[in-house]
Structures are given as C-alpha cells and as structure tokens.
Amino acid sequence: MKPAAISPGSSKGEQSKFKRLFVEIWKYRMTYTLLIPGLIWLILFSYLPMGGLSLAFKHYRASDGIWGSEWTGLENFMYVFRDPAFIDAVWRTLYVNIIKLFITFPFPILLALLLNELRMRRYKKVLQTAFTFPHFLSWIIVSGIIINVLAYDGFVNSLLALLGLPTINFLGSEQNFYPMIILTDIWKSTGWGAIVFLAAISGIDQEQYEAAQIDGATRMQQMFRVTLPNIMPTVTIMFILSVGGLMSSGFDQIFNLANAATQNVSQVLDVYIYRITFQSSTDFGFSTAVSLFRSLVNMILLLLADRAAKWMGGDGLFR
C-alpha cells in the first residue's frame with residue numbers, strides 16, 4: 001500500500017500556527033525575556049536534579065557514581081515498606097499535617113477578612129507588617145526564641161516560680177509537642193498567607209459592595225455575602241496546594257523544635273529521611289526511594305483534591 005499523502009493544506013496550517021506563535025512571542029518579547037531567568041533556575045534546580053531519582057532503583061557506590069552504580073530494580077522499595085519505622089513515620093506525618101491543615105488553613109483567610117474591614121490605612125499597614133514579619137524569621141531563630149521562653153529554666157517557668165506556681169515542662173512533654181507545632185506554625189505563616197487573600201479581595205468589583213449597602217447589608221453581611229464568595233476560587237486553589245503537601249511536614253520546624261524527650265512523636269517522614277541519610281549508615285538509594293514515594297503520594301493527593309474541588313462545583317488547578 002502507498003503511504004497516505006500529506007495534504008498541502010495541513011502543512012500550510014502548521015506553518016501558519018508556528019507563524020502566529022512566533023508573532024505572539026515577538027509581540028510580548030519583553031515579557032518572555034523577563035521569564036528567562038526563572039526558566040533557567042527551574043531547569044537547573046528542578047528538572048536536571050531529577051536524574052538523581054534513578055538512585056531509588058540502584059545500589060549507590062560513590063566510587064561508581066550515580067550512573068555507574070548497579071541497578072537493583074525495586075529492591076530499595078521492598079526494604080522501605082518492610083521497615084516499621086517508615087510506616088510509623090508515614091502515619092505520623094499524615095496525622096500531623098491533616099491537623100495542621102484544618103486548624104491553620106482558615107487563619108490567613110480570617111486575618112485577610114479582618115484587615116480588609118479596617119478603614120484606617122496607616123493602622124492597617126502597620127498591622128499587616130507586624131503579622132507578616134514572622135515569616136522572614138528562620139525556624140532556627142524561632143526555635144531559639146521558643147527555647148529561651150518555654151524552657152524549664154526559661155522566662156515563663158521563671159515567672160511561674162517567682163509567683164509560687166508549679167513549673168511546666170513545655171518542651172520535654174510529648175503531649176505539648178503537637179500544640180506547640182500548630183501554634184508556632186500559625187504565628188509564623190498566617191500573615192504571609194493572608195497576602196494572597198488580600199490580593200484576591202482587592203480585585204473584587206466595588207459595585208457589589210455598593211449594591212449590598214443599598215440593600216441594607218451590614219458590614220458583617222457584606223463580609224460573608226460579598227467578600228468571602230468572591231475569594232472562594234483562591235481559597236480552593238490554596239487548599240488544593242496545601243493538600244498536595246500533606247506528606248511534607250516542614251522539616252525545619254520539627255527538626256529544630258524536637259529533642260530527645262519528644263523523639264517518639266517528632267519522627268515524621270522528613271526527619272526519617274534525614275536520619276537514614278545522615279545519622280545512620282549512609283544509603284542514598286534507600287533514602288531516595290523514600291523521597292520518591294513521598295513525592296508520588298503528594299502528587300496523587302494533589303490530583304485527588306483537584307478532582308474533588310471540581311466535583312463540588314469549584315475551580316481546580318488542571319482542566
């Protein structure tokens with residue numbers, strides 16, 4: 001049989017598409033030029049390192065390098081799922097992050113709604129700066145502050161002893177570890193997260209507020225009937241992104257706030273990966289397999305959250 005001939009019309013159509021694409025790129029060439037540094041950074045630090053994921057299927061030896069090491073197939077994953085400490089770390093990570101998600105996620109939304117209701121612009125900017133400032137402090141600094149304040153011989157316990165009250169072991173108690181994680185996360189991230197929702201609020205058409213005022217709506221009714229429904233697409237997207245990170249528990253926070261007394265409740269997946277990579281006999285293939293598993297679970301959770309949002313009538317990340 002003769003191969004099907006390619007019609008001249010199809011080749012001309014493809015040429016016209018490329019021509020239109022080139023014209024669009026040239027038209028917005030300055031915008032694309034600004035994107036070049038970000039694209040270079042993304043390729044160098046996000047896509048090229050993906051070659052190292054092959055270690056999850058190899059028995060790594062430094063003398064052979066990444067590409068010369070022996071392929072072992074799924075052997076590393078078999079060892080991973082046989083480790084009871086790994087299973088405990090997975091369930092503990094999900095437990096901590098689900099609690100953090102449902103407790104801490106509403107705080108930036110609430111703060112944005114409250115800041116939006118302030119009419120004194122200078123006072124509003126001062127408060128926004130004060131709430132955003134903790135985001136720029138590293139967890140090492142935050143943990144140092146908490147240790148100095150809540151340690152057994154810290155400021156709070158010294159004050160309690162001065163008043164004749166019993167001291168409290170804040171940092172050495174397993175029962176207090178999760179509340180401390182949640183409260184410090186709220187304090188550090190609420191102001192920064194509110195910026196996204198304040199930006200969404202600034203894009204709301206002011207005529208909707210004017211119409212609500214004409215109908216006699218109070219400030220509280222405007223907040224819940226006008227402001228909140230208009231920012232729900234942004235809320236949905238941020239929630240989907242948060243669900244996509246449920247297996248990443250914030251290594252910096254937990255690693256710096258944990259100690260020997262809270263080791264049983266602080267062994268989340270990120271800390272587990274750090275321990276098997278640097279604190280025990282080094283096995284990069286094993287730790288890479290754990291990291292790859294974590295990334296795959298995060299991707300699946302992200303896709304499920306996106307589908308669930310669309311199923312409930314909201315907007316998702318993917319079409």
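The values are calculated or read from the model by the stated rules, or taken from the named source; none is laboratory data. Bear in mind the structure is a predicted one, so any value in this text is a computation, not a measurement. As a convention, Cβ positions derive from the backbone with ideal geometry for all residues, glycine included, and neighbour counts pool all protein chains shown. Just so you know, the surface numbers come from the protein's heavy atoms only, side chains and all, with ligands and any DNA or RNA stripped out. Shrake-Rupley method; radii C 1.70, N 1.55, O 1.52, S 1.80 Å.
Quick notes on this one:
- Estimated inter-spin distance, residue 15 and residue 304, nm [label 7 Å along Cα→Cβ]: 5.1
- Note on residue 180: accessible area is roughly 20 Å² with a 1.4 Å probe, heavy atoms of protein only.
- Centre separation in Å (Cα based) which lies between region 32-65 and region 221-258: 28
- Residue 58 long-range amide H proximity, modeled H, under 5 Å: 72
- Fraction of alpha-carbon pairs over 12 Å apart in region 20-64 - percent: 72
- Given R0 = 35 Å, the distance between the Cβ atoms of residue 28 and residue 183 translates into a calculated FRET efficiency of 0.15.
- Order of exposure, largest accessible area first, which applies to 87, 36 with probe 1.4 Å: 36, 87
- Shape box of the chain [Cα atoms, principal axes, largest first, Å]: 97, 73, 37
- The solvent-accessible area of residue 54, taken with every protein chain present and a 1.4 Å probe, is close to 20 Å².
- Which listed pairs, of 100/124; 19/310; 125/310, have C-alpha distances above 30 Å, in listed order: 19/310; 125/310
- Per-residue HN-Hα couplings for region 220-236 [Karplus 6.51, -1.76, 1.60; θ = phi - 60°; Hz; x = Gly/Pro]: 5, 5, 5, 4, 8, 9, 10, 5, 4, x, 6, 9, 4, x, 5, 4, 5
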